[in-house]
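The next block holds one structure in the form of structure tokens; read it before the comments.
The values are calculated or read from the model by the stated rules, or taken from the named source; none is laboratory data. Quick caveat: nothing in here was measured; it's all calculated off a predicted structure. Note that each Cβ is placed from the backbone with ideal geometry, even for glycine, and that neighbours are counted across all protein chains shown.
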Amino acid sequence: MRATLRGGHASLLAAALALGVVVAGTTACSDDGPPPLPEAGAFAAGVCRDLAPDLIETLRLTRSAPGAADGVATLARDLVPSQEKLYNQIGAAGEYARDLERVTTAVGFLRLRVDAGTYEPALLTEVTTSTRQLVERCT
């Protein structure tokens, strides 16, 4: 009887380990990186379509975010044209104005902190998150 219990425990342990390997493999494979960039045509007509090129460009730039300080400084500079265009559209953005302001403010804080030498990765996360949320509202 004791041998049967050991065999049963061994089978149970083997099954649990196999399940753990499958779950770990599935989790590891499910993170394929950021979702694909949307096409401008996928944005709702009107304000969203007007914002589309600069929102897409902001997402594109944040994808290649380098870890080195000089790379982050380059990213901060590269974000300026889109930030300026988006900022200039806040007044006409209607129901999207608050979200648009969040994006431009996030980019602004990232740029300020890069210039001050106090950059933190959470700043880039906020740029990406706020931009992605506005894109999701617009598509």
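Just so you know, in the stretch 38-94 the residues that are of a type in the set (Val, Ile, Thr) and modelled with pLDDT under 95 include one that is surrounded by the most Cβ atoms within 10 Å (Cβ to Cβ), and it is THR62. Residues of the stretch 87-139 that are over 26 Å from ASP70 (Cβ atoms), in contact (Cβ under 8 Å) with a residue 12 or more places away in the chain and not charged (D, E, K, R): GLN89, ILE90, ALA92, ALA93, GLY94, TYR96, LEU100, GLN133, LEU134, VAL135, CYS138, THR139.
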